[in-house]
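The values are calculated or read from the model by the stated rules, or taken from the named source; none is laboratory data. Note that the structure is predicted; figures quoted are calculated from it, not measured. In this analysis, Cβ positions are derived from the backbone assuming ideal geometry, glycine residues included, and neighbour counts consider all displayed protein chains.
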Amino acid sequence: MPQPRSRSVPQRPADLQLRKQAGLPITVLTAWDALSGAVVAEAGADAVLVGDSLAMVVLGHATTLPVTLDEMLQHTRAVARGLEAARSATAGGRPLIICDLPFLSYQCSPDEAVAAAGRVLKETAAAAVKLEGAEPETVAVIDRLVRAGIPVMGHLGLTPQSVHRLGYRRQAGDPVSQNRLRRQALALEAAGCFALVLEHIPGELATELSGRLAIPVIGIGAGDACDGQVRVTADLLGLTLHQPPFSPPLLDGRGLAVEALRGWIRAQRTPTTPAAPSAPHC
């Protein structure tokens, strides 16, 4: 059985497939700047996703839609610098970097999609892109990207770029939509995706697809039996104002940070009594 490459060198998209073949779980965390990139790298994540969720986590937007390709490129470069700093500090390998293609950077035409994804690979250290959906037009774009030598991770289920059509509710809850998702997953694999994210769908369906597909299935809110899991790091650390139901925080990071800073502010505002002069020695 082939084994994943050593963590002493940067990972390739194909390494995730080797992990699946070896029966090894895959861990993916998001990052959005040098600080978060260094943290998730030091934690030992197999891959780092510079997700368009940074539109909400970092830039304060209500959805992922407003973030631009230039902003994604800037944040991906910052994450890469954080990964390099972590590698220097720990002498470990750099995780695979995957960058989300933002809304309208790939939906308009295959040519525009190749140009956008090409910029990601040319201007950052990312080795792959992720895009959402599996409509015929999207599958054609993925096929074009893969044939151009650009590794693509797919994303089905709850797709945040379709928020105005699908909302943030759980997807594939009935037999008709489940069959459609099965067909879409097979189409993405056939188009050449190296991995597939399934978000907020029934765990039984995700488990079935993990066994059926040769490519890794990475779940988020899709049960525990996928080939791997991806999470928004800010959610796990309890930093976001609104936690998704399928990603409970591991700690109250926001509360801890606020309390620590309040303590510092209180200390700065508390008058200090000057020390009394010491009595002269006789």
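Details
- Whichever residue in the range 53-83 is among the β-branched types (Val, Ile, Thr) and in a helix (DSSP H, G or I) and, among such residues, is farthest from Tyr168 (Cα to Cα): Val79
- In the range 166-180, residue surrounded by the most Cβ atoms within 10 Å (Cβ to Cβ) [restricted to those that are aliphatic (A, V, I, L, M) and over 22 Å from Gln229 (Cα atoms)]: Leu166
- Within the range 98-115, being assigned to a helix (DSSP H, G or I) and either touching a residue at least 60 places away in the same chain (Cβ under 8 Å) or surrounded by fewer than 24 Cβ atoms within 10 Å (Cβ to Cβ) (or both) holds for Pro110, Asp111, Glu112, Val114, Ala115.
- Neighbours by Cβ (under 6 Å, 6+ apart or cross-chain): first from the range 71-87, free of Cβ contacts under 8 Å to residues at least 60 places away in the same chain; second of a type in the set (Phe, Trp, Tyr): His75/Trp32
- All told, Val230 falls short of being touching a His at 6+ places or on another chain (Cβ under 6 Å) and either surrounded by 17 or more Cβ atoms within 10 Å (Cβ to Cβ) or in a helix (DSSP H, G or I) (or both).
Every residue, every condition in (1) part of a helix (DSSP H, G or I); (2) of a type in the set (Val, Ile, Thr); (3) surrounded by fewer than 20 Cβ atoms within 10 Å (Cβ to Cβ), yes or no:
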{"residue": "Ala117", "(1), (2), (3)": "yes, no, no"}
{"residue": "Val120", "(1), (2), (3)": "yes, yes, no"}
{"residue": "Gly133", "(1), (2), (3)": "no, no, yes"}
{"residue": "Glu137", "(1), (2), (3)": "yes, no, yes"}
{"residue": "Ile142", "(1), (2), (3)": "yes, yes, no"}
{"residue": "Leu145", "(1), (2), (3)": "yes, no, no"}
{"residue": "Gly149", "(1), (2), (3)": "no, no, yes"}
{"residue": "Met153", "(1), (2), (3)": "no, no, no"}
{"residue": "His164", "(1), (2), (3)": "yes, no, yes"}
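Every residue, every condition in (1) surrounded by 20 or more Cβ atoms within 10 Å (Cβ to Cβ); (2) part of a helix (DSSP H, G or I); (3) acidic (Asp, Glu), yes or no:
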position: Arg182; (1), (2), (3): no, yes, no
position: Leu205; (1), (2), (3): yes, yes, no
position: Thr240; (1), (2), (3): no, no, no
position: Leu251; (1), (2), (3): no, no, no
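- Only one of the numbered conditions (1) within 21 Å of Ser210 (Cβ to Cβ); (2) hydrophobic (A, V, I, L, M, F, W, C); (3) touching a residue at least 60 places away in the same chain (Cβ under 8 Å) is violated by Leu131, and that is (3).
- Flag for Thr207 being modelled with pLDDT under 95 and more than 20 Å from the chain's Cα centre (by Cα): no
- Test set (1) more than 25 Å from Ala45 (Cα to Cα); (2) of a type outside the set (Val, Ile, Thr); (3) out of contact with any strand residue (DSSP E or B) (no Cβ under 9 Å at 6 or more places or on another chain); (4) in contact (Cβ under 8 Å) with a residue 24 or more places away in the chain - Pro245 fails condition number: (1)
- Scanning the range 10-44 for residues that are farther than 16 Å from Val197 by Cα, outside any helix (DSSP H, G or I) and not acidic (Asp, Glu) yields a count of 9.
- Which numbered condition Thr124 misses (of (1) hydroxyl-bearing (Ser, Thr, Tyr); (2) over 25 Å from Gln229 (Cβ atoms); (3) at pLDDT 95 or above): (2)
- Qualifying position, being under 20 Å from Leu104 (Cβ atoms) and without any contact (Cβ under 8 Å) to a residue 40 or more places away in the chain, among Arg212, Arg182, Arg165: Arg165
- Considering Asp52, Asp70, Asp111, the condition of being more than 19 Å from Val217 (Cα to Cα), modelled with pLDDT of 95 or more and either of a type in the set (Lys, Arg) or in contact with a Leu (Cβ under 9 Å, 6 or more places away or on another chain) (or both) is satisfied by Asp52 alone.
- Checking each residue in the range 151-199 for being within 11 Å of Glu132 (Cβ to Cβ) and hydroxyl-bearing (Ser, Thr, Tyr) picks out Thr159, Ser162.
- Residue satisfying all of: in the range 47-79; over 19 Å from Ser105 (Cβ atoms) and crowded, with 23+ Cβ neighbours inside 10 Å; farthest from the chain's Cα centre (by Cα) among these: Ala47
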